[in-house]
Amino acid sequence: MITATQAPEKYSEIFDQFNHRATAQPSWLQTLRQEAFARFSETGFPTTHDEDWRFTNVSEVANTPFELAGAETVSKEQLEPFGASQFASQLVFINGLYSEKLSTLAPMPKGVRVASLAAQLRIDPAALEPHFGRYLNYQRDAFCALNTAFAEDGVYVHVPQGVVVEDPIYVLYVTAPGAAPQMNHPRNLIVAEQNSQVTVVEDYVSLGEGTTFSNAATELVAADNANVSHYMIVREGAGANNFSTLRIQQGRSANVSTHSLLLSGALIRNNVHPVLAGEGSECLINGLFMANGRQTMDNYMLVEHASAHCDSRQFYNGILNGQSHGVFHGRIIVHKDAQKTDAKQTNRNLLLSDDAQIDTKPQLEIYADDVKCTHGATIGQFDDNALFYLRSRGLSEASARHLLLLAFANECLDRMSSQPMRDHLEKMVVAALPGAAAFSGERSTEDVERNVEEVG
Amino acid sequence: MSLLEIKNLHAKVNGNEILKGINLTVNPGEVHSIMGPNGSGKSTLAQVLARRESYEVTDGSITFDGKDLLEMKAEDAACEGLFMAFQYPVEIPGISNAYFLRAALNATRKFRGQDEMDAMDFLPLLKEKMRLLEMDERFLNRPVNEGFSGGEKKRNEIVQMAVLEPKLAVLDETDSGLDIDALKIVSKGVNAMRNKNRSMILVTHYQRLLDYIVPDFVHVLVNGRIVKSGGPELALELEQKGYSWTEGELAGAKR
C-alpha cells in the first residue's frame, strides 16, 4: 500500500533546535532556510504517486525518526581503507561536519578557495551569496528543501578566472552511525569562473552498518568556457540511505563531465540536473550502478537544454544482482530557444538474477523544432556467445563472467579522463563485482597482503 | 598414441540429430581437413570438440590426449590444449585484446602448474605473434574484436592460437570471407605453427584454403557422416566434381 507520508512532527523540533545552533549564519541564509523548511513542511516526503518518485518508495526514510548527527571522533587510520589519502587535497567531513584534523589541503594556485562551507560562512559569507541557493530548486524536491533547511556545512570551491587546478579536490563524507538513526545534510558549492578548470570528487562512505540518512546537495557553476569534472561515489553501509542532488549551471561553451559510481547502501537516489544555459555548452552524464541484495539505486537525470548548440551525453550502465532494484529515469527538456540541441541518452542494464529488477524510463520534452535527441535502453543477461568465447580460451565460467562484467563497467570507466580517478574507481569496481574472488589476476596478491595486515 | 580419437559420434542441436556416427583419428603433427556442403555438420563437429554445451552428444566417445573430452567443460578442454578458431569471433567491448589474451594465457598456465605471466613479459610475446599475422600494434589496446574487419577478426583468432600454443587447433571456416591477401597471411601464420606435435583440423567449405595449408588428410562430411577420406588430391577432385558427387557416393554407401 502506498501511504502519503507527511513530514513528521519530529522535523519541526529538530529544525527549531538547529536554528539555535545556526544563529551566527547571515540573515539571507537564515531566511532561505526558513523558507525551505516551510516548503518541506507543506509537501512532506514524496510518495510513489509523484511521477518523479514512481519507482522508489521512500516511506521507510520518511517514517524513521532520524536525529541530526553530531561530531564524532574518527581517526585517520579508520579512513585509510577508503584509499582517498593518495590524493593531495583531501577534505574530510564526519557526519556532515568538516574535520580540519583529518583533512589535508595541498597548496592551490593563486586565488583558488577551497574551504568548508561553515568556515566560509564565518569568514566571508558575501562570497557565497551570488550563487548559494540560486540554482537548486527546493520547491520541486522535498529532499532539496530539507537539505537547504539544514544547510550548515559542506565543501566550498571557488576557482578564479583562467586558473587551472590540476589535481582532484577529493571530498570524503563519512557517516559514523550512532545508536539511533542519524541524518546529515551536506551542502556544497563549486564555482568555476570563466576559462578555469577543476575536478571535484564527492565520496560517501560509512564506518558502520547502522541506519543513516545522508541528504546531500551540490550546486556546481561552470561559467563561460570553464571545464569541470565531477565525480560522485556512493559506497555506504548496509543501513545507509543516500540522497543527493547535483545541480549544474553551465555558461557559454562550458564543458562539464559528471561521473557517478553507486556501489552500496540500502537506498540511493542520485539526482543529476544540468542546465545548459549558455550557447555551445557540453555536458557528459556518465554513471555506473551496481546493486546487490535488497538495495535500491534510483538514478534521476534531468537534463535541461536552455540554449542553442548545446550537447548532452548520458550514459548509464547498471549491474543488478540479488533482489536489488535499479531505476534510470532520463528526462530531457529542450526549451523553445535551444535550437541545434544534440542530446543523447543510453541506459544499459545487466540483470544477473531472476529477482533483480530495473525500471528504465526516458522522458523527452522538446519545445524547439531543430534538435537531435536520441535515447535507448537495453536490459539483458550475460551474452552466452561471449561467455563461451572466453571459456573456450581457458577462462573458468566465474572468471569469464567477471571479465564480462568488468568489460561492461569499463564502458563507463573509460569515459573518465583523469587517470588517477579512473584507477581509483576501477579498484572499487573490481572489488565489488560478483565473483571477484574467482578471478585470478595480479590483484589477488594485493588482497592477500591486505588481509595479512589486517590479521597482523 | 593418437591425439584425438572420435568414435561413432552422434550429436543433436535443438533436438535435431546433426552428427550421425563420426569416426576420426588424428595423430600428433597431422593436419586433417574436413570438407562438406552447408548443413553437413562441419561446424557442429567443431563446436562439440570445443565443448559448447548446447550441442548434445547422444552417443559415441571422444578421447583427447588420453582423456575423455566429453567429460570436459570448454575451459578444461582449452587448458588441456584444445583451441578452436571461431567462424564468427565474438566482439567484447570494454576489454582490450592484450588484457584478454593475458588472462587466457594465465588461466592455461595456472592449470598446467606454470607461473602466471606479468604484463612486462607478456607484451613482447604478444607483439611477436601479432607481427607474424601482420597485425598493427594498435590492436593491442583495442577492445576484443570490436570494430575489426572480418579479416582482422580471423587474424586475431590465429594470434590467439599462436599465443596459447595448443596441441590441437580446430579452425572453423577460418578462410570464409577472406580476400586472397588475408588468406595468405592467415595461412602463413598457421603454417608457422605446424610441427610434429601439434595437430590441426581445418573445417572448410572451399578447397582454396588447402592450396595454402596443405593437409595430410581430407575427409568429406555429408549429412553427419564422413563419406570419403583421402589425401590432398581428394580436395581437388571435390572442387572439380562438386559435393553432389559425394552425395551420390553416400547414397550408394547407404544401400
By the gyration tensor of its Cα atoms, with a ≥ b ≥ c the square roots of the eigenvalues, what is the shape of the range B:33-111: rounded for a/c under 1.5, prolate for a/b over b/c, or oblate? oblate
Suppose only helical runs count, i.e. DSSP H with n ≥ 4. What mean residue ellipticity at 222 nm does that imply for chain B under -39500 (n - 2.57) per run, divided by all residues and rounded to the nearest 500 deg cm²/dmol? -11500 deg cm²/dmol
For A:Met301, A:Met108, ascending order of other Cβ atoms within 10 Å (fewest first) is A:Met108, A:Met301
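Give the peptides A:138-147, A:378-387 in descending order of average Cβ contacts within 10 Å, highest first. Walk me through the numbers before you get to the answer.
On the way: A:138-147: 22.9, A:378-387: 14.4.
The peptides rank, most packed first, as A:138-147, A:378-387.
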Which distance in Å, rounded to a whole number, links the C-alpha centroids of the range B:182-242 and the range A:376-419? 35
For an R0 of 41 angstrom, estimate the FRET efficiency from the Cβ-Cβ distance between A:Ile366 and A:Ala238 and round to the nearest 0.05. 0.50
Chain B, relative contact order [Cα under 8 Å, separation at least 6], %: 27
Kirkwood Rh and Cα Rg combined as Rg over Rh, evaluated for the range B:109-215: 0.97
Taking the Cα centre of chain A as the origin, how large is its charge dipole in debye, to the nearest 20, when only Lys and Arg (+1) and Asp and Glu (-1) carry charge on their Cβ atoms? 420
What's the exposure ranking of A:His259, A:His329, going from fewest to most Cβ atoms within 10 Å? A:His329, A:His259
Along the charge dipole of the protein assembly as shown, which of A:Val201, A:Leu121, A:His325 sits closest to the positive end, that is, farthest toward it, with unit charges on the beta carbon of Lys, Arg, Asp and Glu (+1, +1, -1, -1)? A:His325
Normalised radius of gyration for the range B:38-81, please: alpha carbon Rg relative to 2.2 N^0.38 Å, two decimal places. 1.14
Please work out whether chain A counts as rounded, prolate or oblate from its C-alpha gyration tensor, where a ≥ b ≥ c are the square roots of the eigenvalues and a/c under 1.5 means rounded, while otherwise a/b larger than b/c means prolate and anything else oblate? rounded
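Taking 20 Å as the cut-off for C-alpha to C-alpha distance, list the pairs among B:Lys12/B:Lys73; B:Lys73/B:Lys110; B:Lys73/B:Lys188; B:Lys154/B:Lys241; B:Lys110/B:Lys188; B:Lys42/B:Lys188 that go past it.
B:Lys73/B:Lys188; B:Lys154/B:Lys241; B:Lys110/B:Lys188; B:Lys42/B:Lys188
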Quick check on the protein assembly as shown: of the DSSP beta bridges with both residues there, what percent are antiparallel, nearest 5%? 20
Eigenvalues of the alpha-carbon gyration tensor of chain B, times 5 and square-rooted, give semi-axes in Å, largest first, of 31, 21, 16
Could you sort B:23-36, A:116-129 so that the peptide with the highest average Cβ count within 10 Å comes first and the rest follow in order? B:23-36, A:116-129
Helix by helix through chain A, keep the DSSP H runs that span 30 Å or more along the axis on Cα and average at least 1.6 on Kyte-Doolittle, and give those back in order. none
Among the listed pairs B:Lys20/B:Lys228; B:Lys7/B:Lys67; B:Lys67/B:Lys129, which are separated by more than 23 Å between their Cα atoms? B:Lys67/B:Lys129
Going by the alpha-carbon gyration tensor, a ≥ b ≥ c the square roots of its eigenvalues, is the range A:20-76 rounded (a/c under 1.5) or, if a/c is not under 1.5, prolate (a/b greater than b/c) versus oblate? oblate
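Packing-wise, with mean Cβ within 10 Å as the measure, how do A:260-273, B:2-15 rank, highest first?
A:260-273, B:2-15
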Give me the dipole magnitude in Debye, nearest 20, for the range A:29-143 about the Cα centre, with unit charges on the beta carbon: positive for Lys and Arg, negative for Asp and Glu. 500
With the convex hull built on the alpha-carbon atoms of the range A:163-223, volume per residue in Å³ sits at 62
Take peptide A:397-410, look around each residue's Cβ out to 10 angstrom, count Cβ atoms belonging to other protein chains, and average those counts. 4
Restricting to Cα pairs below 8 Å that are 6+ residues apart, what does the relative contact order work out to for chain A? Please round to a whole percent. 9
Kindly put A:Tyr173, B:Tyr212, B:Tyr99 in sequence by how many other C-beta atoms sit within 10 Å of each C-beta, fewest to most. B:Tyr212, B:Tyr99, A:Tyr173
Taking every pair of alpha-carbon atoms in the range A:80-228, give the share separated by more than 22 Å as a whole percent. 40
Taking the range B:100-193 and dividing mean pair separation by its residue count, relative contact order in percent (alpha carbons under 8 Å, at least six apart): 31
What residue among A:Thr360, A:Leu350, A:Ser399 has its Cα farthest toward the positive end of the dipole of the range A:345-421, where the charges are +1 on Lys, Arg and -1 on Asp, Glu, each on the Cβ? A:Ser399
Find the lysine pairs in chain A meeting two conditions, Cα atoms under 20 Å apart and a separation of 8 or more places or different chains, and report how many there are. 7
Per-residue Cβ counts within 10 Å, from other chains only, averaged over A:213-219: what number is that? 0
Expressed as a whole number, the average count of other chain Cβ atoms within 10 Å around the Cβ atoms of B:107-114 is 2
Work out, step by step, the length gained on full extension between A:Ser75 and A:Glu35: first 0.36 nm times the residue separation, then minus their alpha carbon distance; give nm to one decimal. 10.7 nm
Across every pair of different alpha-carbon atoms, what Kirkwood hydrodynamic radius in Å does the range A:1-124 reach? 18.0
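Would you mind working out the magnitude of the charge dipole of the range A:214-352 relative to its Cα centre, with +1 at each Lys and Arg C-beta and -1 at each Asp and Glu C-beta, to the nearest 20 Debye?
The dipole magnitude comes to about 360 debye.
Values in this text are rule-based calculations from the coordinates and carry no lab data. What you are looking at is a predicted structure, and each value in this text was computed from that prediction instead of being measured. Glycine also receives a Cβ, built like all others from the backbone with ideal geometry; neighbour counts cover every protein chain displayed.
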